[in-house]
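Presented below is the structure to which this report refers.
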Amino acid sequence: MINFSEPPAAGSTLTLRRRIVIQRTTDFQESGELRARVLNYELDYLTAALQQVEDATERSVRLLPADADASLTLPMKSDRAGKTLSFDAEGNVTVATVSASAVMQSLDDIAAGVTNQHFTTADKAKLDSVATGAQVNPASLDEVPDSPSRLAMTVDERSKLQAIANPAAATDAEITAGTATATRTVSPAQIKSAVITHSPVTTVAGRSGAVTLSQADVAGTVPSARAITVGSGLIGGGDLSADRSIAVNLAAAGGSAGTATTVARADHSHAAATTTVDGLFAAIDKQKLDSVAAGAQVNPASLDEVPDSPNRLAMTADERGKLQGVDTGAQVNPASLDELTDGKTRLAMTVEERSKLQAITANADANPAAATDAEITAGTATATRTVSPAQIKSAVITHSPVTTVAGRSGAVTLSQADVAGTVPSARAITVGSGLTGGGDLSADRSIAVNLAAAGGSAGTANTVARADHSHAAATTTVDGLLAAADKQKLDSVAAGAQVNPAAATDAEITTGTATATRTVSPAQIKAAVTIHAPVTTVAGRSGAVTLSQADVAGIVPSARAITVGSGLTGGGDLSADRSIAVNLAAAGGSAGTANTPSPAPTTATP
């Protein structure tokens, strides 16, 4: 059994060597018993020791039997340190100092042999390029069988091929004119030119390619940054990037009339006037006022200040004496109204009440009646009415010239989905074999030809050969370029020696469903572009199309107006930012007109 202090790594090679101590461990006694087992053990031990010595000798530096005697003993440790082992002229072991340049650092320091040669880096590259299982190239195509997709050409087939004459190439002028009807061959660049020249729509909003429209591209539309600014008496508003609300800036419910920038609520209150503070006309004061005859004046201090009238005379002292002789129960007329008490239907007017009454314009109307919700909804009544903020909001919602835009109300912001026929930014340009780049249209994209290495081969199935790549001329066994001699042979072949692909008919161009190869004329290319272009018109027009608001359904025109009614000022069309404000009368002045609500607080003139 072998025990390891640490197990060896997987795949390691283990070498077992017998190492016995070479010494005598037994001694046979004179005339003693000599057993066979003991003798065999001793002989086996000696044999094993000799085998161990032989193995060590075989693994050491030694002379061949036919070699002359020589010393193979190493010099002392101190003499051989830092030196290389070598042999002197007699073939004896010695040591020498060797420079670094003389030491073999790599295979480059070893000369190539006659049979075995160096394997160079170039040879290694060639070997790496050979596919696994590759065989020696055949001497000719006669040794190569046909494959399902590639066949060897016979001599007769080459003769037929050399007799084929291609149609003439279309000129750039023919592509531009698009009128030639003769069959031509065309290049991809000419097809691109024909598409650009004859496409029904050349630009949209002044741009070509995959055009994505923005608000700036549609003339007369309203940008989302357009703002509605509110003035005195209103709150809310803002730009049209989101829904906006405009409301009357009402004072607190049930409180005072508010401030100069707020509008009093319908349920606001005022205290009654006193002899020192302005206020509402109290009912008791109204009763007094109603009891004063039209044109009445302040009572004089005494009758001495009052002239006689045709119907009423002041009494003299003598007349008073006479009056005192009147029957019992008769009363003396009061000297002034101060001595009279108010009646049930008539009241005495105070000096302050007379001043207030004199301040009222002659023939002034009573307060207008409150508008009904039906009148607000109908919007046809012309008589003056008082309205509530809720009725103002209802009138704006009901009678607003614009109710929805693209099916939405509020501050409407259009998205790409609202503009028919526009291209989303997620639309992608995907490149195929031979191209690199592309991507979606959320940013600028580049598309480039995936060129092979400069000066090299024609590349791979996914790369395009550079202009400076090379090909060998074709031989009877290897494909390649058309040699000059072969070109001379082809030029000597009469035109039409073999049937060319059929020319496309106008019907095939119109339907665009035939898959067989055809030759086409510049006029047919133009017709195909006109018929099958993905976009034939934009808003019913072709050519360089510039869109206006009328071309995009549901977009708000800049001429769309916000009209203000009674009690408001501002508004206008949406060609610029607009402000709407309550048309407040002057602060501290009169109550205004039917179209100007009073600012709060109101001020009464004594």
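Contact annotation: residue pairs with Cβ atoms under 9 Å, 6 or more positions apart or on different chains, pairing a residue in the stretch 535-553 that is without any contact (Cβ under 8 Å) to a residue 24 or more places away in the chain with a partner that is open to solvent by 70 Å² or more (accessible area, probe 1.4 Å) and part of a loop (DSSP other than H, G, I, E, B), are Ala539/Gly421. Return yes or no: is Ala66 modelled with pLDDT of 90 or more and not in a helix (DSSP H, G or I)? Answer is yes for this residue. The number of residues in the stretch 174-223 that are free of Cβ contacts under 8 Å to residues at least 24 places away in the same chain and aliphatic (A, V, I, L, M) comes to 3. Run down Ala378, Ala317, Ala335, Ala369 and say which single residue is open to solvent by 70 Å² or more (accessible area, probe 1.4 Å), of a type in the set (Gly, Ala, Ser) and either closer than 30 Å to Leu234 by Cα or at pLDDT 75 or above (or both). Result of the check over Ala378, Ala317, Ala335, Ala369: Ala317.
Where residues in the stretch 112-127 are more than 60 Å from the chain's Cα centre (by Cα) and not small (Gly, Ala, Ser), which of them is least open to solvent (accessible area, probe 1.4 Å)? Don't jump to the end; show me each part of the working.
The initial filter retains those residues of the stretch 112-127 that are more than 60 Å from the chain's Cα centre (by Cα), namely 112-118.
Among the residues that remain, those that are also not small (Gly, Ala, Ser) are: 114-118.
Values: Val114: 144, Thr115: 122, Asn116: 121, Gln117: 119, His118: 82 Å².
Taking the candidates together, the pick is His118.
For Ser60, the conditions (1) without any contact (Cβ under 8 Å) to a residue 12 or more places away in the chain; (2) part of a loop (DSSP other than H, G, I, E, B); (3) over 30 Å from Thr97 (Cβ atoms); (4) open to solvent by less than 90 Å² (accessible area, probe 1.4 Å) are fulfilled apart from (3). On the basis of being within 52 Å of the chain's Cα centre (by Cα), open to solvent by less than 70 Å² (accessible area, probe 1.4 Å) and either at pLDDT 65 or above or within 22 Å of Ser394 (Cβ to Cβ) (or both), does Val292 make the cut? It is false that Val292 is within 52 Å of the chain's Cα centre (by Cα), open to solvent by less than 70 Å² (accessible area, probe 1.4 Å) and either at pLDDT 65 or above or within 22 Å of Ser394 (Cβ to Cβ) (or both). Taken over the stretch 381-403, the criterion of being part of a loop (DSSP other than H, G, I, E, B) and modelled with pLDDT under 75 is satisfied by Thr382, Ala383, Thr384, Arg385, Val387, Ser388, Ser400, Pro401, Val402, Thr403.
The set of residues in the stretch 18-51 that are closer than 25 Å to Ile2 by Cα, open to solvent by less than 100 Å² (accessible area, probe 1.4 Å) and part of a loop (DSSP other than H, G, I, E, B) comprises Ile20, Val21. Being open to solvent by less than 90 Å² (accessible area, probe 1.4 Å), at pLDDT below 80 and under 30 Å from Ser71 (Cα atoms) is the filter here; which residues of the stretch 82-108 pass it? Residues satisfying the conditions are Val98, Ser99, Ala100, Ala102, Val103.
Scanning the stretch 520-569 for residues that are open to solvent by less than 50 Å² (accessible area, probe 1.4 Å), farther than 30 Å from Thr510 by Cα and not in a loop (DSSP other than H, G, I, E, B) turns up Ser548, Gln549, Pro557, Ala561, Leu568.
The values are calculated or read from the model by the stated rules, or taken from the named source; none is laboratory data. Quick caveat: nothing in here was measured; it's all calculated off a predicted structure. Ideal geometry is used to build each Cβ from the backbone, glycine not excepted, and the neighbour counts take in all protein chains shown. Quick note on the areas: whole protein, heavy atoms, side chains included, nothing else; ligands and nucleic acids left out. Shrake-Rupley method; radii C 1.70, N 1.55, O 1.52, S 1.80 Å.
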